[in-house]
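Colleague: Structure in structure tokens, see below.
The values are calculated or read from the model by the stated rules, or taken from the named source; none is laboratory data. This is a predicted model, so every value here is computed, not measured. Every residue, glycine among them, receives a Cβ derived from its backbone with ideal geometry; neighbour counts consider all protein chains shown.
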Amino acid sequence: MSVKNEVLYILEQNRGESISGQELAEKLSVSRTAVWKSIKLLNEEGYIINGVSNKGYALSPDSDVLSSEGIRAYIKDEFKGISISTYKTINSTNAEAKLQAMQNASHGTVIVSEEQTSGRGRMGRTFYSPSQSGIYMSIILKPDLNITDSVLITTAAATAVCMAIDRFISSEPKIKWVNDIYIHDKKVCGILTEAVTDVESGTVNSIIVGIGVNVKAAVFPEELKETAGSIFSSNEEGCVRNMLAAEIINNILDVCANLKTRNFLEFYRKRSMIIGKRIKYMKNNRWFEGYAQDIDESGGLVVFHDDGHKEVLHSGEITVRKQN
């Protein structure tokens, strides 16, 4: 880790509190000049670091730049060793995660970006990913699962994100099966799960969980204004992206370690915004209607039809029917 990154890590751990240049130099076994140069570079990168005579340097609570050091400061001790890479801009964190997975990246590897130029959602859609307002990240997981269980990972990730958001706001986020998080009927998060398979054996080497979260109020394109929202209603409340990213990572790695217990499914069912509702879903290029009855033990959606038969969906597109 460079001196600059080490200085940032210490400042993140003591956000809002002043630390003298001398103390920083002694902690890192470098000169005060090296500390000063690091502070200057961090300021140039957009970090708000206040310098006060006779007190030292303090990372402002209003500084909200995503960084591996900022995220790692809030990662649980048992996960401190995971690789976290941050980017100012990237085409897609999932695309980068796939490349790293094929190069045998370890379980828990995280790729985070301030902005995506080609963010991807389900069904080939794009995911709007503007800078300085969201968290766009992918996590490489290596659970002991079959490819048919990939929907279970998506439901686990949705649970992990909801639990993380709960730590920061009083409003309860809801889950639209299988991968979207809503607050006040506005979508604030999308999750895209993709498997990296071994062609010869047909087994799953890694599962990539891509997560896009709208944290701060953003100016959405016209076509998204009615459906998209953010966790915080104003930017003044949203200087928590590193903490929120860390909370999501902690939760996903925790859930993944206990995936086979399926304990998270109870939470998922409670937060479902579709159980008990009439829905439409597409199958084989045709739309069908039914009643969303339950989430089964594999994360599938149990649909009850008017003619009495049941069907379990493991993928696909659904919409909630509006009540007349």
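To keep it simple, each residue is scored yes or no on (1) touching a helix residue (DSSP H, G or I) at 6+ places or on another chain (Cβ under 8 Å); (2) assigned by TED's automatic domain parsing to the domain that holds LEU253; (3) of a type outside the set (Ser, Thr, Tyr).
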site	(1), (2), (3)
GLU17	no, no, yes
LEU28	yes, no, yes
TRP36	yes, no, yes
GLU44	no, no, yes
ILE48	no, no, yes
ASN54	no, no, yes
TYR74	yes, yes, no
LYS80	yes, yes, yes
THR86	yes, yes, no
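Colleague: Still on this structure, I have one more. Here is a list: SER18, SER31. Which entry is surrounded by fewer than 17 Cβ atoms within 10 Å (Cβ to Cβ), more than 29 Å from ASP77 (Cβ to Cβ) and hydroxyl-bearing (Ser, Thr, Tyr)?
Modeller: SER31 is the lone residue from the list that is surrounded by fewer than 17 Cβ atoms within 10 Å (Cβ to Cβ), more than 29 Å from ASP77 (Cβ to Cβ) and hydroxyl-bearing (Ser, Thr, Tyr).
Colleague: Quick one: how many residues across the stretch 230-276 are acidic (Asp, Glu), free of Cβ contacts under 8 Å to residues at least 24 places away in the same chain and in contact with a helix residue (DSSP H, G or I) (Cβ under 7 Å, 6 or more places away or on another chain)?
Modeller: Qualifying residue count, the stretch 230-276: 0.
Colleague: Can you list the strands (runs of 3 or more DSSP E) lying wholly within the stretch 98-179 that have 3 or more residues being in contact with a strand residue (DSSP E or B) (Cβ under 7 Å, 6 or more places away or on another chain), under 26 Å from LYS270 (Cα atoms) and modelled with pLDDT of 90 or more?
Modeller: Where strands (runs of 3 or more DSSP E) fall fully within the stretch 98-179 and carry at least 3 residues being in contact with a strand residue (DSSP E or B) (Cβ under 7 Å, 6 or more places away or on another chain), under 26 Å from LYS270 (Cα atoms) and modelled with pLDDT of 90 or more, they are 134-141, 174-176.
Colleague: Can you tell me how many residues within the stretch 236-272 are more than 22 Å from LEU141 (Cβ to Cβ), at pLDDT 95 or above and surrounded by 18 or more Cβ atoms within 10 Å (Cβ to Cβ)?
Modeller: So the count comes out to 1.
Colleague: Among the numbered conditions (1) over 28 Å from ALA97 (Cβ atoms); (2) surrounded by fewer than 19 Cβ atoms within 10 Å (Cβ to Cβ), tell me where TYR281 comes up short.
Modeller: (2)
Colleague: Please name all residue pairs, on different chains or six or more residues apart, with Cβ atoms under 7 Å, provided the first residue is in the stretch 173-196 and is closer than 17 Å to THR319 by Cα and the second residue is at pLDDT below 95 and of a type in the set (Phe, Trp, Tyr).
Modeller: That search, which allows pairs on different chains as well, returns GLY190/PHE127.
Colleague: Ok, one more. Take VAL188 and tell me if it is at pLDDT 90 or above, assigned to a strand (DSSP E or B) and in contact with a Phe, Trp or Tyr (Cβ under 9 Å, 6 or more places away or on another chain).
Modeller: yes
Colleague: Here's another thing I want to ask about it. Output the residues belonging to the stretch 12-32 that are among the polar types (S, T, N, Q), touching a Gly at 6+ places or on another chain (Cβ under 9 Å) and not in a loop (DSSP other than H, G, I, E, B).
Modeller: Scanning the stretch 12-32 gives a single hit, GLN22.
Colleague: If the Cβ limit is 9 Å and pairs must be 6+ apart or interchain, which residue in the stretch 201-229 that is farther than 24 Å from ILE252 by Cα and hydroxyl-bearing (Ser, Thr, Tyr) pairs with which residue that is modelled with pLDDT under 85 and surrounded by fewer than 21 Cβ atoms within 10 Å (Cβ to Cβ)?
Modeller: THR227/PHE220
Colleague: Of all residues in the stretch 53-95 being over 16 Å from the mean Cα position of the chain (by Cα) and part of a strand (DSSP E or B), which is nearest to SER138 (Cα to Cα)?
Modeller: That would be LEU59.
Colleague: If you take the residues of the stretch 47-72 that are touching a Phe, Trp or Tyr at 6+ places or on another chain (Cβ under 7 Å) and among the aliphatic types (A, V, I, L, M), which of them is surrounded by the most Cβ atoms within 10 Å (Cβ to Cβ)?
Modeller: Going through the qualifying residues, I end up with LEU59.
Colleague: Would you point out the residue of the stretch 33-52, among those that are part of a helix (DSSP H, G or I) and among the charged types (D, E, K, R), that is farthest from the chain's Cα centre (by Cα)?
Modeller: Ranking the candidates gives LYS37 first.
Colleague: Looking at the stretch 259-271, is at least one residue within 20 Å of GLU115 (Cα to Cα) and of a type in the set (Lys, Arg)?
Modeller: There is no residue in the stretch 259-271 that is within 20 Å of GLU115 (Cα to Cα) and of a type in the set (Lys, Arg).
Colleague: Just to be sure I understand, how many residues within the stretch 21-30 are free of Cβ contacts under 8 Å to residues at least 24 places away in the same chain and under 15 Å from ASN5 (Cα atoms)?
Modeller: 3
Colleague: Taking into account only those residues within the stretch 96-117 that are small (Gly, Ala, Ser) and within 8 Å of ILE140 (Cβ to Cβ), which is surrounded by the fewest Cβ atoms within 10 Å (Cβ to Cβ)?
Modeller: Top of the filtered list is SER106.
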